[in-house]
Structures are given as structure tokens and as C-alpha cells.
1. Can you go through A223, A249 and tell me which one is in contact with a Leu (Cβ under 7 Å, 6 or more places away or on another chain), outside any strand (DSSP E or B) and touching a residue at least 12 places away in the same chain (Cβ under 8 Å)?
2. Going through segment 220-265 one residue at a time, which ones are within 21 Å of L183 (Cα to Cα), crowded, with 17+ Cβ neighbours inside 10 Å and among the β-branched types (V, I, T)?
3. Take G32 and tell me if it is out of contact with any Cys (no Cβ under 9 Å at 6 or more places or on another chain), in a strand (DSSP E or B) and of a type in the set (G, A, S).
4. Kindly list the number of the only condition in (1) assigned to a helix (DSSP H, G or I); (2) at positive phi that fails for E293.
5. If you take the residues of segment 150-201 that are at pLDDT below 85 and at positive phi, which of them is surrounded by the most Cβ atoms within 10 Å (Cβ to Cβ)?
6. Within the group A39, A35, A15, which residue is surrounded by fewer than 16 Cβ atoms within 10 Å (Cβ to Cβ) and in contact with a Lys or Arg (Cβ under 7 Å, 6 or more places away or on another chain)?
7. So, restricting to helices (runs of 4 or more DSSP H) that lie completely within segment 130-188, which ones have at least 1 residues that are hydroxyl-bearing (S, T, Y)?
8. Give the residue, chosen from L50, L65, L46, L55, that is surrounded by 15 or more Cβ atoms within 10 Å (Cβ to Cβ) and in a helix (DSSP H, G or I).
Amino acid sequence: MVLDKSLFKNYRHIAPTKIGGIAGGINTIGMGNIAFVAASGHPITLTGVLHTPGLPVNLLSVSCLCDTNNVRVAFTKHGIHINKDGNNIAEGARLDKGLYLLDADHSKCQQLALLSCSQSSVPLLTLHRCLGHLAPSSIQKMVATGLLEGLGAGYSDKEVEKFVCNACLSAKGHRLPFPDSDLHSFERLGLVHSDVLSLPERSLTGKQYLVTFLDDYSCKLWAYAIGHKSKVFGMFKTWLAKVELETGATLKVLRTNNGGEYRSKAFTDSCKARSTRRQYSIPRTPQQNGRAERVNL
């Protein structure tokens, strides 16, 4: 980051972006390349340099420098050494407060350059939202290929791994499909599915509900129209007496949902007295009583 626009070899304006942590926050308004010659005589070109007019001194990001191919930076108590492909290309002296002064030819670079460690000023969550909740791994690829500029080296693998977006968790989460059941009854009335269907309009006789009973073994279906859900238990007793008389079999298991019409005390006590086992589906999980639900379709 530099404060003097005249140092740029090429320059382009960008949307003003605030960078925190420096002088209480400063704005960057442009970007380009800067060329200068180090004291060793080695020509150096910095790409993707930000123009920040409010910056007290020029700053060079160590993390961005290290991301350059075959560049190594060594810090000592006396100074800094920058190597590329095994050759020393630049050196600097250590100053107070943990900063290092890059030794350069000031005829080619009119301002001093200081080295400092910094990170991307844009939080990953903010960028994730701005890009339409793009996956963090894809954001990293965009930074690496140069599609996103001004972010330095991007974000660390640890940041990406620990990234959490509550909106994505809520919007993209889904329940796994229910597997088909292989368990079926091998006798009449061994298992009966029951459900109540609500009709959009009442009939001429005032009936608005259908209570259904489906035998799992024979797939025989009984359906009865009722005016209120409170009539389900009475219709169940009438149906049960009829089918047990006709078949000579007894009801072993009754599978229903958790509706109040099936959970009444009278209904429960009647099944206990007859040793009829009850099976209830989990609330808001009609798939567990799928055969009865499909009848309603």
C-alpha cells in the first residue's frame, strides 16, 4: 500500500474500500504496479499495490510477498533478507515497534517502504454474502487465480475450515429420504393403517372427514364419512366389530399418526383391553404412516 499516486507504473481506479487497523481506518481508491530498484541493484516490480492516500508511510505485506513464487523472507534481530530463487534481491534494517525499513534506490522509489504483517481487511463472511453465498473454497480459488484482487493471499485454510454461515445452514439443509419398509404383515388384521382425511367442503349430509382403515396384508380398504373427528373412536369400534366377525381374526397392531382423535383416553383404554398394540408416527413425519397417507391422495 502506498500514498503517492505518482509512484505507480500503471494505475486504475477501484471502488473506495475501507481498510481497518491502520490510522483508525483508511480508504483505498486505486490499484496498480510499482517498479523500483533495491540497494542490491536488483529491479523489483510489485503488482496489485493499493493506493491509500491517507497512509502515513508505504507498507509492504509480508504475506503477499511470501506468496510470490520462490520468494523467501528471513527476519533477524538486525534486519530482513529477501531471496528469490536462492539469490539475495533486497535487504532492510530493523526499526522500532517491530517494523523493517526496506533499503532501496530512492531515485527510483521516492517514498520509504516498511514491511509489516497484515491480513485481508474483508471478513470472509462479508465476502461470502456479497458473492451470493459462494462456497469459501470457491472464493479461495478466485483469489488464487486473480479474479478477486485486493485480498492479498486470501484466507487461510483454517479460516475456510471453520467458516460457518447460518443462512446457508438453514436454507440448504434437507432431510434424508425415508427408505422403503420391508416389514409387512403375514395375516389379515395383523397390521392395520388408519388416517383421517379432511375434505375441502362438507357433504349434503354434513360430513367433512373420511376415516380410513387399510389392512396391510390384503390391502383391503374401508372408508367412512364422519362429521367430526371426535367420531373416529366410535367408527373404529363399529368397523372392528364388523371385520373381526367377518374374518374370524383379531386386530394385532393399529398404526396411526399422533392426532388427538387417536390419542384419546377412551381409544387407548379400549386397545389395551383388547391387547391391541399401538404404533404412532413421529409428529410432522407422515412418511412413517405412508400407506395410510397415500390412500388420502
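1. The conditions single out A249.
2. Passing the criteria: only T256.
3. Values: out of contact with any Cys (no Cβ under 9 Å at 6 or more places or on another chain): yes; in a strand (DSSP E or B): yes; of a type in the set (G, A, S): yes.
For G32, the condition - out of contact with any Cys (no Cβ under 9 Å at 6 or more places or on another chain), in a strand (DSSP E or B) and of a type in the set (G, A, S) - is met.
4. (2)
5. Ranking the candidates gives G154 first.
6. Result of the check over A39, A35, A15: A35.
7. 136-144, 166-172
8. Among L50, L65, L46, L55, only L65 is surrounded by 15 or more Cβ atoms within 10 Å (Cβ to Cβ) and in a helix (DSSP H, G or I).
The values are calculated or read from the model by the stated rules, or taken from the named source; none is laboratory data. In this text, all values refer to a predicted model and were calculated from it rather than measured experimentally. Neighbour counts are summed over all protein chains in view; Cβ atoms, including those assigned to glycine, are modelled from backbone coordinates with ideal geometry.
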